[in-house]
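Scroll down for the structure; my scribbles are underneath it.
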């Protein structure tokens, strides 16, 4: 109840974006391999940003 209006940290936002990209890549892998590879590459870039943020902390 008290966390209802809590905003997400930049790290949490990136983690959610990474999970969403991986999910989209999985769905695309069933129909369009090239698009799936592009989504996976985007997810890798986000993962690098996550690692950089974690190293700063």
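Each value in this text was obtained by applying a stated rule to the coordinates, not by laboratory testing. Since we're looking at a predicted model, the values are computed, not measured. Here the Cβ positions follow ideal geometry from the backbone for every residue, glycine too, while neighbour counts run over all protein chains shown.
Scanning the range 13-36 for residues that are surrounded by 11 or more Cβ atoms within 10 Å (Cβ to Cβ) and without any contact (Cβ under 8 Å) to a residue 12 or more places away in the chain turns up 13, 16, 19, 20, 23, 26, 27, 28, 29, 32, 35, 36. Say whether the condition of being over 15 Å from the mean Cα position of the chain (by Cα) and free of Cβ contacts under 8 Å to residues at least 24 places away in the same chain is met by at least one residue in the range 37-54. No - not one qualifying residue is present in the range 37-54.
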